[in-house]
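> Structure provided below as structure tokens; questions to follow.
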Amino acid sequence: ADMDYQARQDFRSSIAGAINSILELNEDPCCVFAENVTVTNVCDSSSRNCLNYMLLSLPEDCGDGIKLDPEECDDGNLEGGDGCGATCMVEEGWECVGGNRFTFDKCSEMAVD
């Protein structure tokens, strides 16, 4: 059965709270907010109670050091010229790796042939 509006809101808050608890244990920067959690699929008990969710970045999240879709990179700042631009897109001639929802990207210039 599909979740109603309140159940979906409660679920989003629960997921955000669980992620923040993990971040606190790892002493990583906090926080994931419920509005960043999107429930993408909810299955009933006949489908083994599957719940899928994903975290989505809002435009104002760019530069916070937490890479979430649709960001290509997030190096923790809004400065261009360091590989990850002010709109969290990888700059031409650069490569950014390591970023995820728990840590920022590290960018380096790609070798020129």
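> Restricting to the stretch 72-89, count the residues that are touching a Ser or Thr at 6+ places or on another chain (Cβ under 9 Å) and open to solvent by less than 20 Å² (accessible area, probe 1.4 Å).
3
> Now for a separate question. Looking at residue 68 and the list (1) closer than 25 Å to residue 19 by Cα; (2) touching a Leu at 6+ places or on another chain (Cβ under 8 Å); (3) open to solvent by 40 Å² or more (accessible area, probe 1.4 Å); (4) touching a residue at least 24 places away in the same chain (Cβ under 8 Å), which single condition is not satisfied?
Only one criterion in (1) closer than 25 Å to residue 19 by Cα; (2) touching a Leu at 6+ places or on another chain (Cβ under 8 Å); (3) open to solvent by 40 Å² or more (accessible area, probe 1.4 Å); (4) touching a residue at least 24 places away in the same chain (Cβ under 8 Å) is unmet by residue 68, namely (3).
> Next up: For residues that are among the β-branched types (Val, Ile, Thr) and part of a loop (DSSP other than H, G, I, E, B), scanning just the stretch 90-113, find the one that is least open to solvent (accessible area, probe 1.4 Å).
Per the stated criteria, the residue is 103.
> Could I ask something else about it? When you scan the stretch 74-100, how many residues do you find that are under 12 Å from residue 63 (Cα atoms) and free of Cβ contacts under 8 Å to residues at least 24 places away in the same chain?
Adding up the residues that qualify gives 7.
> Within the stretch 16-37, can you find the residues that are out of contact with any Pro (no Cβ under 8 Å at 6 or more places or on another chain), of a type in the set (A, V, I, L, M, F, W, C), outside any loop (DSSP other than H, G, I, E, B) and modelled with pLDDT under 75?
19, 22, 25, 34, 37
The values are calculated or read from the model by the stated rules, or taken from the named source; none is laboratory data. Note that the structure is predicted; figures quoted are calculated from it, not measured. For neighbour counting, all protein chains shown are included, and Cβ atoms are generated from backbone atoms with ideal geometry for every residue, glycine included. Note: accessible area is taken over every heavy atom of the protein model, side chains too, but ligands, DNA and RNA are not part of it. Shrake-Rupley method; radii C 1.70, N 1.55, O 1.52, S 1.80 Å.
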